[in-house]
């Protein structure tokens with residue numbers, strides 16, 4: 001039990017202030033005293049009540065094999081029933097043991113996920129879907145280590161949208177939504193019902209944007225007024241995708257370069273994907289689904305009580321107004337706020 005306690009404390013203390021660390025340690029120890037199984041993976045019976053379907057969208061054979069292997073190894077450890085489908089967006093040679101479908105790359109990963117989800121839906125309705133592209137292994141984080149049986153169960157029971165959280169340096173209201181913070185869609189997990197409520201993974205708004213953003217080179221990354229993207233939002237997009245420097249970013253897109261006519265088709269597709277992932281989080285949050293980081297989900301499962309208080313806590317986090325929701329979701333403050341919500345009323 002000491003090993004479990006130590007692991008949990010190291011996980012939740014990362015990035016917190018000293019006072020928040022003390023509160024975290026107290027809460028973890030109290031939770032473990034109340035329920036010795038708290039913070040451990042679900043038992044075999046619990047895990048086998050879950051079915052998980054993963055869809056991996058592929059462009060690169062080598063990266064696809066690497067990401068598919070990581071996904072399979074992770075899903076094996078959960079004890080859940082699982083299935084992995086690979087959607088190849090271009091002709092490629094992949095190992096025969098992979099279940100490979102053909103995609104059309106019309107909306108990049110979003111259309112690929114639809115192909116995979118439609119194929120899975122013909123055979124079963126999983127409790128949780130894990131959606132990824134073959135780029136997630138290239139980033140400097142590994143959120144698969146947080147995807148255990150308890151986190152998958154939390155997602156299934158709350159219809160949560162869970163992944164790594166990105167956020168802008170300031171509040172952004174655009175396309176009729178608060179797009180200040182969102183789940184990064186190179187690797188995330190949710191439920192079929194969550195996606196169905198918002199019309200995903202290819203949202204109606206994505207189809208509208210595709211019709212309004214010009215296919216021919218417009219002379220720069222300047223979206224037309226009818227697209228509905230605010231001026232601040234456009235400056236942020238230009239800064240991140242082209243390195244224009246109009247807004248501050250600590251890290252740009254790894255392929256950022258000045259917009260040009262020869263690069264416009266690819267840049268246009270990337271703009272639509274960024275807007276689609278931001279809209280997906282906004283729509284899910286507005287539909288009542290918790291939107292959270294994998295690490296926050298792991299903390300909440302650490303405090304899993306038998307009376308399911310954790311569920312009310314998660315739903316409470318998602319019911320805050322837009323400004324507070326951004327604080328909950330953004331950067332490291334999300335952990336402190338999640339823990340604060342667990343404190344008795346008189347101690348907040």
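All of the numbers you see were taken from the coordinates with simple rules; none came from a lab. The shown structure was predicted, so the numbers you read here are calculated from the model rather than taken from an experiment. FYI the Cβ positions are ideal-geometry reconstructions off the backbone, even for glycines, and counts take in every protein chain you see.
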Measuring from label point to label point, each 7 Å out along Cα→Cβ, what is the residue 226 to residue 250 span in nm?
-> 4.0
Neighbour-count ranking [beta-carbon atoms within 10 angstrom, fewest first] of 142, 93 | 93, 142
Can you give the percent of C-alpha pairs in region 50-108 whose distance is more than 13 Å?
-> 59
Alpha-carbon centroid distance for the pair region 83-100 / region 217-253, whole angstrom = 34
FRET E, pair residue 97, residue 125, Förster distance 30 Å, beta-carbon r, rounded to 0.05 = 0.75
Cβ density ranking, 10 Å radius, fewest first, applied to 295, 212, 90 yields 90, 212, 295
Quote the FRET efficiency, to the nearest 0.05, computed for residue 49 versus residue 170 with a Förster distance R0 of 56 Å and r equal to the Cβ-Cβ distance.
-> 0.85
When 143, 254 are ranked with the fewest other C-beta atoms within 10 Å first, the list becomes 254, 143
Averaged over every viewing direction, what's the projected area of the C-alpha convex hull for region 194-257? Give it in nm², one decimal, please.
-> 5.7
Debye-sum result for region 176-308 in log10 I(q)/I(0), which assumes one identical scatterer on each alpha carbon, at q = 0.11, 0.13 Å⁻¹ = -0.47, -0.63
In percent, how large is the relative contact order of region 149-271, given Cα pairs closer than 8 Å and 6 or more residues apart?
-> 20
Semi-axes a, b, c in Å (a largest) for region 77-223, each sqrt of 5 times a Cα gyration tensor eigenvalue, come to 27, 21, 16
The simple spin-label model distance between residue 66 and residue 196, using points 7 Å out along Cα→Cβ, in nm, is 3.7
